[in-house]
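The values are calculated or read from the model by the stated rules, or taken from the named source; none is laboratory data. Note that the structure is predicted; figures quoted are calculated from it, not measured. All Cβ positions, glycine included, derive from the backbone under ideal geometry; neighbour counts span all protein chains shown. The protein model used for the area step is the full one, side chains on, heavy atoms only, and it has no ligands, DNA or RNA in it. Shrake-Rupley method; radii C 1.70, N 1.55, O 1.52, S 1.80 Å.
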Amino acid sequence: MPWDRNQMAARAAEELEDGMYVNLGIGIPTLVANYVGDKEITLQSENGMLGMGPFPLEGEEDADLINAGKQTITELPKTAYFDSATSFGMIRGGKIAAAILGAMEVAENGDLANWMIPGKLVKGMGGAMDLVAGVGKVIVVMDHQNKSGASKVLKECTLPLTGAGVVDRIITNLGVLDVVEGGLRIVELADGVTDEQMRDATEATIV
Amino acid sequence: MQKVFGSASDALDGLLFDGMTIAAGGFGLCGIPELLIDALVEAGTKDLTVASNNAGVDGFGLGKLLETRQIRKMMSSYVGENAEFMRQYLSGELELEFNPQGTLAERMRAGGSGIPGFYTKTGVGTVIAEGKEHKDFDGQTYILERGIFADLSIVKAWKADETGNCVFRKTARNFNPPAAMCGKTCVMEVEEIVPAGSLDPDAIHLPGIYVHRLIQGEHEKRIEQRTVRAA
């Protein structure tokens, strides 16, 4: 059985080490926070916060306290706030150990596309380009194929890039792949997924 | 020199002209200069270029200045929350310059710090890099981004003293300090103006040197995505 969203998030959480400062994207990456267990992980929200807490209880929402998805959140005893220039200074400066984010396409050379589909409504890249260019490790979590069954793990991205050669590891419903010299290397297969199934679902070169 | 003004309109008096560039603070609807935006609508200043991370929502924040067609160009990183914005953009009425969020923040900070340009890895190999100078440092490629020098900054803080020393609250700080820095003139709105000496000098987030005019007022502080957890 391929992994579901929660299993993918749980697998991504295994990438995190005690003491890491981490930025999580929207969607499945957000779920990663539920699976960090006893590890001391500090979440960064790029609108200006380290130490992001859970959503507030009803009635405790604060208009001055939101995450990068504009959702109301809470603070923790370790929380620190700062301005956007400082926030992206720590991102660009490599202080954030890892970013876990979703993608539309990933290529075997580590190219990532996740911000725009030509001809469709373009909302903007937000902080994604800064994150993938700056953080220590870029981990993509996404479904291996799109809704029509086409591979999202490609020889070359067809969509405009968010970053060139930036992805380190890809976690999909089928397993885990690393970007290495010459293509992708299978690190792990989801329970019951065969090597052949992984290769069939992957357009990119597997080495 | 008196920095405190009686109203947002008074505080903007003499500073506005058609075709000007304005840097605005805020992230989404969090920490936006609501009162100054309303005063700009009232003033009717046209052909504005606005550097702001987002463009408000329909009917609130910068969305109000879009409705009145006062904005000619936006410099932003994310504009997805605004149907009127999209309508004007797709029909060619509104110009849009996408900036990666951190690049936009740094362009403001740089402009306010007398730095006309800086090199960054952000956007290398993407459409953002097209037409920009590329330069290698220690084997890595970077692109040149320019500092933003705005005619006017409109920003919002939580509290300020009469001299403009101010503190922000939680994530409402966001783009406000860099936006405040990069304008020739900075007008700030706060929830409360307090006497000089009542803010801890060691805990000032933005020194008053960056703040030229100051107003106090009631803020709606609308929440864009109210999200709660089960009790």
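Structural remarks
- Residue pairs meeting the criteria (Cβ under 6 Å; at least 6 apart or on separate chains; first in contact (Cβ under 8 Å) with a residue 40 or more places away in the chain, in the stretch B:1-12; second assigned to a loop (DSSP other than H, G, I, E, B)): B:3/B:164; B:4/B:162; B:11/B:5
- Residue list for the stretch A:82-129, filter: free of Cβ contacts under 8 Å to residues at least 12 places away in the same chain and not charged (D, E, K, R): A:85, A:89, A:119, A:121, A:122, A:124
- Residue count, the stretch B:189-198 (criterion: closer than 16 Å to residue B:10 by Cα and more than 14 Å from every other protein chain (Cβ to nearest Cβ)): 1
- Residue that is modelled with pLDDT of 95 or more and under 18 Å from the mean Cα position of the chain (by Cα), where the choices are B:197, B:208, B:217: B:208
- Number of residues in the stretch B:100-119 that are of a type in the set (Val, Ile, Thr), open to solvent by 30 Å² or more (accessible area, probe 1.4 Å) and within 9 Å of chain A (Cβ to nearest Cβ) equals 0.
- Filter result (within 11 Å of chain A (Cβ to nearest Cβ), in a strand (DSSP E or B) and surrounded by fewer than 17 Cβ atoms within 10 Å (Cβ to Cβ)) within the stretch B:120-142: B:140, B:141
- Residues of the stretch A:140-149 that turn out to be among the small types (Gly, Ala, Ser) and closer than 20 Å to residue A:110 by Cβ, as a count: 0
- Among residues of the stretch A:116-130 being open to solvent by less than 10 Å² (accessible area, probe 1.4 Å) and either part of a helix (DSSP H, G or I) or more than 7 Å from chain B (Cβ to nearest Cβ) (or both), the one that is nearest to residue B:127 (Cα to Cα) is A:129.
- Among the residues of the stretch A:34-68, none is identified as of a type in the set (Lys, Arg) and in contact with a Cys (Cβ under 7 Å, 6 or more places away or on another chain).
- Listed by position, the strands (runs of 3 or more DSSP E) inside the stretch A:1-110 whose residues that are open to solvent by less than 10 Å² (accessible area, probe 1.4 Å) number at least 2 are A:21-24, A:42-45, A:49-52, A:98-101, A:105-107.
- Counted residues, the stretch B:72-90 - those being within 14 Å of another protein chain (Cβ to nearest Cβ) and open to solvent by 60 Å² or more (accessible area, probe 1.4 Å): 6
- Sole exception among (1) at pLDDT below 95; (2) under 14 Å from the mean Cα position of the chain (by Cα) for residue A:124, by number: (2)
- Sole residue being part of a strand (DSSP E or B) and surrounded by fewer than 17 Cβ atoms within 10 Å (Cβ to Cβ), chosen from B:145, B:93, B:97: B:97
- Residue count for the stretch B:199-228, restricted to those that are at the interface with chain A (Cβ under 9 Å from one of its Cβ atoms) and among the β-branched types (Val, Ile, Thr): 3.
- In the set (1) under 30 Å from residue B:29 (Cβ atoms); (2) within 9 Å of chain A (Cβ to nearest Cβ); (3) open to solvent by 10 Å² or more (accessible area, probe 1.4 Å), the condition left unmet by residue B:163 is number (2).
- Candidate set: the stretch B:204-216, residues that are out of contact with any strand residue (DSSP E or B) (no Cβ under 6 Å at 6 or more places or on another chain) and either in a helix (DSSP H, G or I) or in contact (Cβ under 8 Å) with a residue 40 or more places away in the chain (or both); chosen: the one most open to solvent (accessible area, probe 1.4 Å): B:209
- The stretch A:152-184, residues that are in a strand (DSSP E or B) and either acidic (Asp, Glu) or open to solvent by less than 30 Å² (accessible area, probe 1.4 Å) (or both): A:153, A:154, A:163, A:170, A:171, A:175, A:176, A:177, A:178, A:183, A:184
- For the stretch B:14-71, residues that are part of a loop (DSSP other than H, G, I, E, B), in contact (Cβ under 8 Å) with a residue 24 or more places away in the chain and either in contact with a helix residue (DSSP H, G or I) (Cβ under 9 Å, 6 or more places away or on another chain) or buried (at least 23 other Cβ atoms within 10 Å of the Cβ) (or both) total 20.
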